[in-house]
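Q: Here it is: the structure, laid out below.
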Amino acid sequence: MRHYICLIILLSFLKTSFASGPWTEYNNENGYQAGNDAFLTASVVEDQLILTVPEEVLNKPILFIRYDQSGKRRFMQVIWSLHGDRMLLKVPSIRSTAGIILPIKPNLTIEENILSVFPIEQKEMDLDKYQIDITALVLHQSIEWEPGFTENLVPAITLLEGAKNLEDEVIIKTRRGLVMGESKVSLPTFYGFSALPDPMRARRFDYRMGFYDEETTGIHFWLRNSPANISRWRLQKKFKDQKVSVPVKPITFLMSPDIPKKWRPYIKAGIMEWLPAFESAGFKDALLVKEMDSLDEWQAHSIHSNIIYWSPNKYLRGSEYEDYGGTVAKIIDFRTGEIFRGDIFMGASERTVMEKYFVRAAPLDKRARRFPFPDELVGSLFQVIAAHEAGHIFGLKDGNYGEFTYPWEKMNDSLWLRTMGHTPSIMNYSRSSNIPQPEDCISPSLLVQKVGPTDRYNIRWA
Ligand SMILES: [Zn+2]
């Protein structure tokens, strides 16, 4: 029975997609389908983490991810490969669809590196599956996630806490003992192995536009073009013949339950400010934001979840006056620039957004002359941050493009401000406008930064 099912799956795979990895089949209606048991599976047996590697996964790139407590996402493409009676976890250099090789380490021309070597514990003969013990990999190995990355491990406070097999990914939960500064800490750390889809059709990098390249830390500030892809989402029209169609799969954000209820509508509104930009690119209802009463920890660490977090630092003694703004973390396919997952961390506290706005806008907005400000005003300031960080999630960088480019006389022209904003992009650091004078009677709603014409143009271009 089992072989029969496997045969059907194999045949349907051959029929639908030649280039697809055998364990995920891209389905236009529903996104990625489960490859049943054809992907990796993990189980904890007597405190050891046993990974089952099916034959179909061998020699295919998959994604290996680490979710740090700090919010950082470290990730690399890896390959499981047989070597005699051992299993290798290899790191390949990546051939970008932009026609360039991304090296494993700068200036190193090797095709692949070896991250770890495992004896094969057991082979299930009938099923072509190999079992290996990867406990040491996730608990005790200092993995070089980026060139030069090192950690000072503390094995005594390192623990394996569980594993979960989802549709096309494996998630592993640990506590990682580390020396940080002068302290020893045991930090919740999750790992994921995730199937990679077919490479998407990419958009070539152009330094004149506002996008990061696929590595996001690399070449995007050079004033020349290099072979690279921009980072963006795989949006596909559900109805290809329509000029504007709903996407097959909208970009969906989950709001962490930690976000105070009264601020949630504003944060959602910040994301939704981008809807017209996606509409101009041919996508109706491209974005979804869901409020969550609770967030399952496995779902929170799935590559398919994009989460808006409410950074707890603002309540911590010593960092309660955190700087204005927020930050983001992304997981990207280096082959094409496809963004798989994007998280937003709302950093600023209520007090910070109020103080920053007070300095700029109190003469122009009487709501800002008394602390605390009304919720409606504080909420609109959180909305600005959410909109800016969402721009990063969509692949845009802090470019400070368009700052100071509008004509001076338009800064107190209400009609202009309503359509163009006081600055052309939410991605620059203009902040609230302090240029109009009280006698100009500019509505305070026109003082705050919004997704602007440059942002819409960027999304349409991408
Ligand atoms: Zn930014």
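Q: Out of the range 322-373, which residues are within 16 Å of the ligand (Cβ to nearest atom), hydrophobic (A, V, I, L, M, F, W, C) and touching a residue at least 60 places away in the same chain (Cβ under 8 Å)? Let's see the steps before the verdict.
A: Restricting attention to the range 322-373, the residues satisfying the condition of being within 16 Å of the ligand (Cβ to nearest atom) are 322-330, 339, 342-348, 352-353, 356.
Subset that is hydrophobic (A, V, I, L, M, F, W, C): 328-329, 339, 344-346, 348, 353.
Val328, Ala329, Ile339, Ile344, Phe345, Met346, listed by residue number.
Q: Taking the range 233-278, which residues are among the aromatic types (Phe, Trp, Tyr) and touching a residue at least 12 places away in the same chain (Cβ under 8 Å)? I'd like the intermediate steps shown before the answer.
A: Looking only at the range 233-278, we keep the residues that are among the aromatic types (Phe, Trp, Tyr), and these are 233, 239, 253, 263, 266, 274, 278.
Within the range 233-278, Trp233, Phe253, Trp263, Tyr266, Trp274, Phe278 meet the criteria.
Q: Counting only residues that are among the hydrophobic types (A, V, I, L, M, F, W, C) and within 16 Å of the ligand (Cβ to nearest atom), how many does the range 382-421 have? Walk me through it before giving the result.
A: So the first thing to find is which residues in the range 382-421 are among the hydrophobic types (A, V, I, L, M, F, W, C), and the list is 382, 384-387, 390, 393-394, 396, 404, 408, 411, 415-417, 420.
Pick out the ones that are also within 16 Å of the ligand (Cβ to nearest atom) and you get 382, 384-387, 390, 393-394, 396.
So the count comes out to 9.
Q: So Lys268 ticks every box in (1) within 30 Å of Val170 (Cβ to Cβ); (2) assigned to a helix (DSSP H, G or I) but one. Which box is left unticked?
A: (1)
Q: Here's something else I'd like to know. For Phe253, are the conditions met, namely being more than 21 Å from Ile271 (Cβ to Cβ) and open to solvent by less than 60 Å² (accessible area, probe 1.4 Å)?
A: Details: more than 21 Å from Ile271 (Cβ to Cβ): no; open to solvent by less than 60 Å² (accessible area, probe 1.4 Å): yes.
The answer is no for Phe253.
Q: Here's another thing I want to ask about it. In the range 369-412, how many are at pLDDT below 95 and surrounded by 16 or more Cβ atoms within 10 Å (Cβ to Cβ)?
A: 7
Q: Quick check: anything in the range 61-81 open to solvent by 50 Å² or more (accessible area, probe 1.4 Å) and over 30 Å from Gly326 (Cβ atoms)? Spell out how you get there, then give the answer.
A: So in the range 61-81, the residues open to solvent by 50 Å² or more (accessible area, probe 1.4 Å) come out as 69-70, 72.
Subsequent filtering for residues that are over 30 Å from Gly326 (Cβ atoms) retains none.
Scanning the range 61-81 turns up no residue that is open to solvent by 50 Å² or more (accessible area, probe 1.4 Å) and over 30 Å from Gly326 (Cβ atoms).
Listed here are the residues, each with its yes/no results for (1) open to solvent by 50 Å² or more (accessible area, probe 1.4 Å); (2) of a type outside the set (Val, Ile, Thr); (3) more than 28 Å from His304 (Cβ to Cβ).
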{"position": "Ser183", "(1), (2), (3)": "yes, yes, yes"}
{"position": "Pro197", "(1), (2), (3)": "no, yes, no"}
{"position": "Arg208", "(1), (2), (3)": "yes, yes, yes"}
{"position": "Glu214", "(1), (2), (3)": "no, yes, no"}
{"position": "Trp222", "(1), (2), (3)": "yes, yes, yes"}
{"position": "Ile230", "(1), (2), (3)": "no, no, no"}
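The values are calculated or read from the model by the stated rules, or taken from the named source; none is laboratory data. Keep in mind that what you see is a predicted model, and the values were worked out from it rather than measured. Every residue, glycine as well, gets a Cβ built from its backbone with ideal geometry; the counts of neighbours run over all protein chains shown. For the accessible areas, the whole protein counts, side chains as well, though only heavy atoms, and no ligand, DNA or RNA atoms are used. Shrake-Rupley method; radii C 1.70, N 1.55, O 1.52, S 1.80 Å.
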